[in-house]
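The values are calculated or read from the model by the stated rules, or taken from the named source; none is laboratory data. Because the structure is predicted, anything quoted here is derived from the model rather than measured. Quick reminder, even Gly has a Cβ in these numbers, built from the backbone with ideal geometry, and neighbours come from all protein chains shown.
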Amino acid sequence: GAGAPHSWSVIAGTLPPGITLTWSPVQPIASLSGVPTTQGSYNFTLQVVDNGSGIAARAFSADITAGALQITTASTPAGAPGVPYSATITGSDGSGTGYQWDVFGGALPAGLSIAPTGTPSTTISGVPTTPGQYGFTIRLRDSATNTVTANFTIDVYSAGTAYSIAGTGVSGYNGDNKPALNAQLDKPAGVAADSLGNVYVADTYNHRIRRVDAATGNITTICGDGNPGSTGDGGPAVNARLNYPRGLWIDAANNIYIADSANHVVRRINASNTVISRIAGTYVAGFSGDNGQATLAQLNNPQSLCVAPNGDLYIADTENFRVRKVAAGSGVITTFAGNGTAVHSGDFGQATAAGFNYVSSVAVDSAGRVVIGEVYYYIRRVDSGGVITTIAGVAGGGSGGDGGPATQAGMVYVDSIHIDAADNIYISDFGRVRRINAANGNMEMVSTSVGRPVGLWSEASGHLLVADYSGSLIHRIVSP
């Protein structure tokens, strides 16, 4: 022809779906490329025009056939009795239509079932009821009667077993909208669950709050854009910025409370509209504001919080060496415990006159008593009359005492506490999860296999969630 530039086009028929025609104007060459999506025979005519208006055309045909039918999923996650389970099994190729799935051999754990149709994926879901290891074979058939099978195992763990439900064990950030076990976290320090079984993670060094969906097991970011900051109050939580969020609490209405530690505030995500707001603190570290509105009061590096059944909010105001209380309804803040000195003191007197060697955490039991985690090396409790006593720990700390009275047990570093429905007190003690048995007051070892546990949360199923700060993982301990 007369030479460049050249122009190519499809003048008749259609290209296979997923295939595109590309060319460079300076070369008399065109390419068909892409990934075809639909099987079949496709007839089309290509035309090229040069700069002298010379025209050439030619007819082509392309047969798109499928590869061998296959199941591409390699394994299925573990589960626990009473916890909603979901696993996706993916197939590909074959006829591409009319996929049918079933269990061809063995059996799923009791309480689980497989969706019989899916293109190209299916789901195993339900609520497992019985611990055990269950091996089974899944069969996939397509509309052309091609058949393929694959073997799987689901472990439903027994009491005391710890297993991971989020994170890869490598610190970082990725994986949103994918299975939580394929997502990276970065030093998570808080964990909680809502009434639907969704698990929330304070992904501390990613400056985010993330959610693991109970139905799918996928993880998403619900608050924070990954940059440390203090913006976003009054708007959607997903657009807000956090600054090393640590403690989490979810109240009976599924509102989410965040100890936004390096911002020196407590923030709340409204369950009905996902709007975030500041409910205590001014974004400036300090101590002030008692007997006034909590939003006008200063906090200093709050690490933990909890909401009592009556709606009162308790804050571990860590570097003020105090527990602060925000009254439900009025929003007025007061000092509930601590005199501001970093010395363990004051047992058998009023809690407001007691000293704390850093307050790491706070919780409320079923009787309304407030339990306080003191970093070095105690657990203390405030009764309804405001009198404080030590219920666990010894001077100088230590690691002994399991099986005996908690008041004679040593602790190394109290990162966090949590109280379950039976009033057992769980303790994150620097590499160990321990428990004060509500029935006899003894200290018990729960787990030494969850890295460095920080945040704790007792699920409605009775299992314990653990935020593993050093491993960048979230674990579940089955029926501890």
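Going by what's in this entry, would R452 be described as assigned by TED's automatic domain parsing to the domain that holds T168, without any contact (Cβ under 8 Å) to a residue 40 or more places away in the chain, in contact with a strand residue (DSSP E or B) (Cβ under 7 Å, 6 or more places away or on another chain) and farther than 23 Å from P405 by Cβ?
Considered against the rule, which asks whether it is assigned by TED's automatic domain parsing to the domain that holds T168, without any contact (Cβ under 8 Å) to a residue 40 or more places away in the chain, in contact with a strand residue (DSSP E or B) (Cβ under 7 Å, 6 or more places away or on another chain) and farther than 23 Å from P405 by Cβ, R452 comes out as yes.
Output the number of the condition that T168 fails; it satisfies all remaining conditions of (1) assigned to a loop (DSSP other than H, G, I, E, B); (2) polar (S, T, N, Q); (3) closer than 26 Å to A68 by Cβ.
All conditions are met except number (3).
Scan segment 313-335 for residues that are closer than 20 Å to R246 by Cα, touching a residue at least 40 places away in the same chain (Cβ under 8 Å) and either of a type in the set (D, E, K, R) or not in a helix (DSSP H, G or I) (or both) and jot them down.
Correct list: L313, Y314, I315, A316, D317, V323, R324, V326.
Out of the residues in segment 136-146 meeting the condition of being among the β-branched types (V, I, T) and surrounded by 13 or more Cβ atoms within 10 Å (Cβ to Cβ), tell me which one is farthest from G67 (Cα to Cα).
T137
For P17, work out the one condition from (1) surrounded by fewer than 13 Cβ atoms within 10 Å (Cβ to Cβ); (2) without any contact (Cβ under 8 Å) to a residue 24 or more places away in the chain it doesn't fulfil.
(1)
Check G105, G82 and return the single one that is surrounded by fewer than 17 Cβ atoms within 10 Å (Cβ to Cβ) and either within 49 Å of the chain's Cα centre (by Cα) or under 30 Å from V212 (Cβ atoms) (or both).
Result of the check over G105, G82: G105.
May I ask you to say which residue of S345, S288, S330, S360 is assigned by TED's automatic domain parsing to the domain that holds T390, among the polar types (S, T, N, Q) and within 15 Å of H418 (Cα to Cα)?
Criteria check complete, one pass: S360.
Checking T22 against (1) free of Cβ contacts under 8 Å to residues at least 12 places away in the same chain; (2) outside any strand (DSSP E or B): exactly one of these is not met. Which one?
Against the list (1) free of Cβ contacts under 8 Å to residues at least 12 places away in the same chain; (2) outside any strand (DSSP E or B), T22 comes up short only on (2).
When the residues of segment 216-262 are filtered to those that are polar (S, T, N, Q) and within 17 Å of G281 (Cα to Cα), which remaining residue is surrounded by the fewest Cβ atoms within 10 Å (Cβ to Cβ)?
Among those that are polar (S, T, N, Q) and within 17 Å of G281 (Cα to Cα), it is T231.
Within segment 356-389, track down each residue that is out of contact with any Cys (no Cβ under 6 Å at 6 or more places or on another chain), buried (at least 17 other Cβ atoms within 10 Å of the Cβ) and of a type in the set (G, A, S).
S360, S361, G373
Kindly establish whether T407 is in a helix (DSSP H, G or I) and surrounded by fewer than 24 Cβ atoms within 10 Å (Cβ to Cβ).
yes
State the number of residues belonging to segment 419-444 that are in contact (Cβ under 8 Å) with a residue 24 or more places away in the chain, surrounded by fewer than 19 Cβ atoms within 10 Å (Cβ to Cβ) and touching a Phe, Trp or Tyr at 6+ places or on another chain (Cβ under 8 Å).
Residues flagged as in contact (Cβ under 8 Å) with a residue 24 or more places away in the chain, surrounded by fewer than 19 Cβ atoms within 10 Å (Cβ to Cβ) and touching a Phe, Trp or Tyr at 6+ places or on another chain (Cβ under 8 Å) within segment 419-444 amount to 0.
For S277, state whether it is assigned to a strand (DSSP E or B) and polar (S, T, N, Q).
Here the answer is yes, as S277 does meet what is asked.
Exactly one of these conditions fails for V275: (1) surrounded by fewer than 24 Cβ atoms within 10 Å (Cβ to Cβ); (2) closer than 26 Å to A367 by Cβ; (3) hydrophobic (A, V, I, L, M, F, W, C). Give me its number.
In the conditions (1) surrounded by fewer than 24 Cβ atoms within 10 Å (Cβ to Cβ); (2) closer than 26 Å to A367 by Cβ; (3) hydrophobic (A, V, I, L, M, F, W, C), V275 misses (2) alone.
In contact with a Ser or Thr (Cβ under 7 Å, 6 or more places away or on another chain) and at pLDDT below 90: which single residue out of A12, A66 fits that description?
A66
Of the conditions (1) assigned to a strand (DSSP E or B); (2) not assigned by TED's automatic domain parsing to the domain that holds G94, F152 fails just one. Which one is it?
Going through the list (1) assigned to a strand (DSSP E or B); (2) not assigned by TED's automatic domain parsing to the domain that holds G94, F152 breaks only (2).
Go through (1) surrounded by fewer than 14 Cβ atoms within 10 Å (Cβ to Cβ); (2) modelled with pLDDT of 95 or more; (3) not assigned by TED's automatic domain parsing to the domain that holds R452 and name the single condition N177 misses.
(3) is the only condition that N177 fails.
Given S472, S458, S447, S479, which one is surrounded by fewer than 18 Cβ atoms within 10 Å (Cβ to Cβ), in contact with a Leu (Cβ under 9 Å, 6 or more places away or on another chain) and either acidic (D, E) or touching a residue at least 24 places away in the same chain (Cβ under 8 Å) (or both)?
Going through S472, S458, S447, S479 in turn, just one is surrounded by fewer than 18 Cβ atoms within 10 Å (Cβ to Cβ), in contact with a Leu (Cβ under 9 Å, 6 or more places away or on another chain) and either acidic (D, E) or touching a residue at least 24 places away in the same chain (Cβ under 8 Å) (or both): S479.
Hey, among A395, A406, which residue is out of contact with any Phe, Trp or Tyr (no Cβ under 8 Å at 6 or more places or on another chain) and either of a type in the set (F, W, Y) or assigned by TED's automatic domain parsing to the domain that holds L196 (or both)?
So the residue among A395, A406 that is out of contact with any Phe, Trp or Tyr (no Cβ under 8 Å at 6 or more places or on another chain) and either of a type in the set (F, W, Y) or assigned by TED's automatic domain parsing to the domain that holds L196 (or both) is A406.
Considering segment 99-116 alone, what residues qualify as being of a type in the set (S, T, N, Q) and under 16 Å from S86 (Cα atoms)?
Once the filter is applied, which keeps residues that are of a type in the set (S, T, N, Q) and under 16 Å from S86 (Cα atoms), segment 99-116 yields only S113.
Is it true that G346 is touching a helix residue (DSSP H, G or I) at 6+ places or on another chain (Cβ under 9 Å), under 18 Å from Q298 (Cβ atoms) and buried (at least 21 other Cβ atoms within 10 Å of the Cβ)?
no
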